[in-house]
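Undergrad: Take this structure first; my questions come after.
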Amino acid sequence: MAGGAFFIHFIRETDMSSTQSLTTSQLRDLEAELRRERARLERVVRSQAQSGGEGDPDGSSAYDVSSLGAAPGIGLTTQARARLEAIDAALARIADGSYGICSGCGARIPFGRLIVMPESALCMACGRV
């Protein structure tokens, strides 16, 4: 398939609550997804920089940022940069061996949560607070 592979994994109910360590394969897949998303976001930021900004000349943002999970009114580049920072932090955690460990409570983050939000540094309980 041209343009790279898609990260596809069927989430089982146990994936969302299992506190088992990530397998080498799971970690490799999550790292690849983080790197693909990072490359995509870099293209978004670069495109916005080349077009002259985040929104309309009057400062409002008219761009659809739903693919980034942004709230209405938040500039595309601002949201993309924030997500890039989270992805970079996740890649650093992979490098130092702390990826998949909640930075709030120290528990393992379930694989299912990492599939949905691979940049997540918090387990579901800590993410709710």
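Undergrad: I need the full set of residues from segment 83-123 which are closer than 11 Å to LEU34 by Cβ and among the acidic types (Asp, Glu), in order please.
TA: ASP88, GLU119
Undergrad: Follow-up question, since we're still on this one. Could you please find all residues in segment 55-92 being of a type in the set (D, E, K, R) and at pLDDT 50 or above? Talk me through it step by step, then tell me what you get.
TA: Here is the first cut: in segment 55-92, the ones of a type in the set (D, E, K, R) are 56, 58, 64, 81, 83, 85, 88.
The answer is ARG81, ARG83, GLU85, ASP88.
Undergrad: Name every residue in segment 94-116 that is buried (at least 16 other Cβ atoms within 10 Å of the Cβ), assigned to a loop (DSSP other than H, G, I, E, B) and of a type outside the set (Ser, Thr, Tyr), in order of residue number.
TA: GLY100, CYS102, ILE109, PRO110
The values are calculated or read from the model by the stated rules, or taken from the named source; none is laboratory data. Everything numeric in this text was worked out from a predicted model, so none of it was measured. All Cβ positions, glycine included, derive from the backbone under ideal geometry; neighbour counts span all protein chains shown.
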